[in-house]
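Reviewing the structure listed below.
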Amino acid sequence: MLRRTRLFGTKMRITFELPSDAPPGRVSVVGSFNGWAPGVHELLPRRGGRRTVSVTLPPGEHKFRYLAEHDMWLDDTTADYVDHQGSVISI
């Protein structure tokens, strides 16, 4: 799930969230905004078993996917759309 919070100027804070039934172990959000680098934006445990991480993004189109342990890739169906490269959000 994605939550969008408008910040000062044109930037937006995107909170990436996985539910408690998501794959166990470490999960990172990787995408065009962090060079597709695992571990840079790792989702951390919150109440109720969900996991989140927030990232501030500039205007534009941003592609991303979730990368869980054992090379398991996940898309986010709450993104603006999902294509063959993953989930996409536009700011």
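Every read-out reported here was derived from the displayed coordinates using simple, explicitly stated rules and does not represent laboratory data. Values in this document were obtained by computation on a predicted structure and should not be read as measured data. Glycine also receives a Cβ, built like all others from the backbone with ideal geometry; neighbour counts cover every protein chain displayed.
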Next item on the list: Return the long-range amide H neighbours of Val53 (sequence gap of 5 or more, or a different chain), with a cut-off of under 5 Å between placed amide H atoms.
Entry: Phe16, Leu44
Margin query: Taking 8 Å as the Cα distance limit and 6 or more residues as the minimum spacing, I'd like the relative contact order of the chain as a percentage.
Written below: 28
Item checked: Long-range Cα-Cα pairs in the chain (distance over 16 Å), rounded percent -> 50
Next item on the list: Run the quick spin-label model on Thr56 and Arg26: label points 7 Å from Cα toward the beta carbon, then report their separation in nm to one decimal.
Entry: 2.5
Next item on the list: Apply the Karplus parameterisation 6.51 cos²θ - 1.76 cosθ + 1.60, with θ equal to phi minus 60°, to every residue of the stretch 59-64 and state each ³J(HN,Hα) to the nearest whole Hz, in sequence, with x for glycine and proline.
Entry: x, x, 9, 10, 9, 7
